[in-house]
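Data block below; observations after.
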Amino acid sequence: MIAALAILALVASSSEPASKPTLRLARNSQIVFLVPVESLSRQGKIAKAVLVSIYETPDESWELARRDLDLEIDCDAGLIRYTAMTGYDLQGRIIADARLPAEWEGIGEFPPFVSLVELACDGRRSSLVQMGSLAEAEAAARAELDAERSR
């Protein structure tokens with residue numbers, strides 16, 4: 001009996017943890033901005049996050065369906081910098097991948113950045129919509145954008 005309980009405990013502890021949610025930061029007419037909760041971290045005054053931009057379904061003139069920006073935020077100074085960018089097509093293939101010059105700039109009033117700073121630096125998420133996994137959030141965002149475009 002004790003051996004069975006020990007095996008059960010071992011199996012339960014090695015299970016994959018549930019995927020952390022994705023939060024919706026903002027939306028404009030052509031883009032939904034998301035942040036996977038698991039991408040958020042903070043060490044001292046510097047927070048890190050990945051800002052995911054979901055674009056409406058691409059057409060022949062624009063193949064970028066999703067862009068992930070790796071960001072660092074200086075919470076004390078109110079500055080942000082882009083450290084990397086990865087672009088994906090509709091099938092999830094990488095079509096652009098670049099390390100970016102890490103120059104600090106002001107956050108300004110761009111709604112996704114304002115929400116991201118409030119979340120990453122202060123832990124505020126009151127106005128953010130919690131979605132499922134990143135894949136689920138991406139599918140829901142694209143469906144919303146495409147429905148809007150077809151109206």
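The values are calculated or read from the model by the stated rules, or taken from the named source; none is laboratory data. The structure presented is a predicted model; accordingly, all values stated were derived computationally and were not measured. Cβ coordinates were reconstructed from backbone atoms using ideal geometry, including for glycine residues, and neighbour counts include every protein chain displayed.
Collect the residues in region 55-99 that are of a type in the set (A, V, I, L, M) and within 30 Å of Gly44 (Cα to Cα), keeping them in residue-number order.
Start the filter on region 55-99 by keeping residues that are of a type in the set (A, V, I, L, M), which leaves 64-65, 69, 71, 73, 77, 79-80, 84-85, 90, 94-96, 98.
Hits for region 55-99 are Leu69, Leu71, Ile73, Ala77, Leu79, Ile80, Ala84, Met85, Ala98.
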Mind counting the residues in region 127-151 that are under 13 Å from Ala26 (Cα atoms) and either in a loop (DSSP other than H, G, I, E, B) or free of Cβ contacts under 8 Å to residues at least 12 places away in the same chain (or both)? 2
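Go through region 117-126 and report how many residues are part of a loop (DSSP other than H, G, I, E, B) and in contact (Cβ under 8 Å) with a residue 40 or more places away in the chain. Please lay out each step first, then the result.
Keep residues of region 117-126 that are part of a loop (DSSP other than H, G, I, E, B), which gives 123-126.
Imposing the further condition that a residue be in contact (Cβ under 8 Å) with a residue 40 or more places away in the chain reduces the set to 125.
Residues that pass the stated criteria total 1.
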Residues in region 98-108: is at least one under 20 Å from Asn28 (Cα atoms) and out of contact with any helix residue (DSSP H, G or I) (no Cβ under 7 Å at 6 or more places or on another chain)? yes
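For region 102-151, give me each residue that is of a type in the set (Phe, Trp, Tyr) and buried (at least 19 other Cβ atoms within 10 Å of the Cβ).
So in region 102-151, the residues of a type in the set (Phe, Trp, Tyr) come out as 104, 110, 113.
Of everything in region 102-151, just one residue is of a type in the set (Phe, Trp, Tyr) and buried (at least 19 other Cβ atoms within 10 Å of the Cβ), namely Phe113.
Enumerate the strands (runs of 3 or more DSSP E) found wholly within region 8-116, keeping only those where 2 or more residues are of a type in the set (Asp, Glu) and modelled with pLDDT of 95 or more. Before the answer, list the steps.
Numbers: elements: 22-27, 31-36, 41-43, 46-55, 66-74, 79-88, 94-99.
Counting at least 2 such residues, we get 66-74.
From Arg93, Arg125, grab the single residue that is more than 20 Å from Leu23 (Cα to Cα) and charged (D, E, K, R).
Values: Arg125 fails: more than 20 Å from Leu23 (Cα to Cα).
The match here is Arg93.
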